[in-house]
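Undergrad: Before I ask anything, here is the structure I am working with.
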Amino acid sequence: MKVILHTDGGARGNPGPAAIGIVITIPPNDKKQYSQYIGKTTNNQAEYSALIFALKKLKQIFGKNKIKDLEVECYLDSELVVRQLNGKYKILEKGLQPLFLEVWNLKIDFKNVNFNYIPREENKEADKLVNQALNAL
């Protein structure tokens, strides 16, 4: 089975108040949405936090045994995070290193996890969830 994740994280100010938005699509037509205020952080840290939240949520939804057969396509509008996770960029910012490692450790439990960059216009649902969480402050 293949699941599709659209994740987004954003901060107003950098660093500043931040939130995450996640859209999980489970074929054939189940869609789950999550948003959450995560405190004061940077945009890049928020992007990683959204992905971490989503992978943990998949583990909760499917359980430890089923995720071993689960393929996950992750779509993010952060070119930096996607390139770091795909090994194209080094992680120079110290605050991102532990988040990168957490994603890396989470992905091991799944059959396959792919990280894909998409333009912001193609990530509107997740972006909307971020803004809803930030506007609720």
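The values are calculated or read from the model by the stated rules, or taken from the named source; none is laboratory data. Since the structure is predicted, the reported quantities are computational estimates derived from the model, not experimental observations. Here the Cβ is made from the backbone with ideal geometry for all residues, glycine too, and neighbour counts use every protein chain on show. With ligands, DNA and RNA removed, areas are computed over all heavy atoms of the protein, side chains included. Shrake-Rupley method; radii C 1.70, N 1.55, O 1.52, S 1.80 Å.
Undergrad: Using amide H atoms built in the peptide plane, which far-off residues or other-chain residues are under 5 Å from G10 H to H?
TA: Sorted by chain and number, the residues that satisfy this are A19.
Undergrad: How much of the accessible area of the chain, in percent, comes from carbon and sulfur atoms when a 1.4 Å probe is used?
TA: Roughly 49 percent, rounded to a whole number.
Undergrad: Accessible surface of I91 in the full protein assembly, 1.4 angstrom probe, to the nearest 10 Å²?
TA: Near enough 40 Å² of accessible area.
Undergrad: Just to check I understand the Karplus step: with θ = phi - 60° and J = 6.51 cos²θ - 1.76 cosθ + 1.60, what whole-Hz values come out for the stretch 88-103, glycine and proline as x?
TA: 8, 10, 6, 9, 8, 6, 4, x, 8, 4, x, 5, 4, 5, 5, 4
Undergrad: Convert each backbone phi in the stretch 62-76 into a coupling constant with the Karplus relation 6.51 cos²θ - 1.76 cosθ + 1.60 (shift: θ = phi - 60°), then list the ³J(HN,Hα) values in order as whole Hz, x for Gly and Pro.
TA: 9, x, 4, 6, 6, 5, 4, 9, 9, 9, 10, 9, 9, 10, 10
Undergrad: Moving on to the next point. Can you pull out the trypsin sites (Lys or Arg not before Pro) in the stretch 1-55 whose DSSP state is coil and whose Cβ has at most 16 other Cβ atoms within 10 Å?
TA: Here the sparse-neighbourhood loop sites are R12.
Undergrad: Packing-wise, with mean Cβ within 10 Å as the measure, how do 121-128, 13-20 rank, highest first?
TA: Packing order, densest peptide first, comes out as 13-20, 121-128.
Undergrad: A further question follows. Can you give the relative contact order of the chain as a percent, counting alpha carbon pairs under 8 Å and 6+ residues apart?
TA: 32
Undergrad: Could you give the size of the charge dipole of the chain about its Cα centre, using +1 on the Cβ of each K and R and -1 on the Cβ of each D and E, expressed in debye and rounded to the nearest 20?
TA: 380
Undergrad: Would you mind working out the accessible area per residue for the chain, using a 1.4 Å probe, and quoting it in Å²?
TA: It amounts to 54 Å² per residue over the chain.
Undergrad: Still on this model: In nm², what is the average projected area of the convex hull enclosing the Cα atoms of the stretch 1-68?
TA: 4.5
Undergrad: Can you give me the long-range amide H partners of G39? Hydrogens built in the peptide plane at 1.01 Å from N, cutoff under 5 Å, separation of 5 or more residues or another chain.
TA: Residues meeting the criterion, in which the H sits 1.01 Å from N, are A18.
Undergrad: What list of ³J(HN,Hα) values in whole Hz, one per residue of the stretch 79-86 in order, does the Karplus curve 6.51 cos²θ - 1.76 cosθ + 1.60 (θ = phi - 60°) give from phi, with Gly and Pro shown as x?
TA: Going residue by residue, I get 4, 4, 5, 4, 5, 5, 5, 8 Hz, with x marking Gly and Pro.
Undergrad: Using Cα centres only, tell me the gap between the stretch 1-79 and the stretch 82-129 in whole Å.
TA: Here the two parts' Cα centres lie 9 Å apart.
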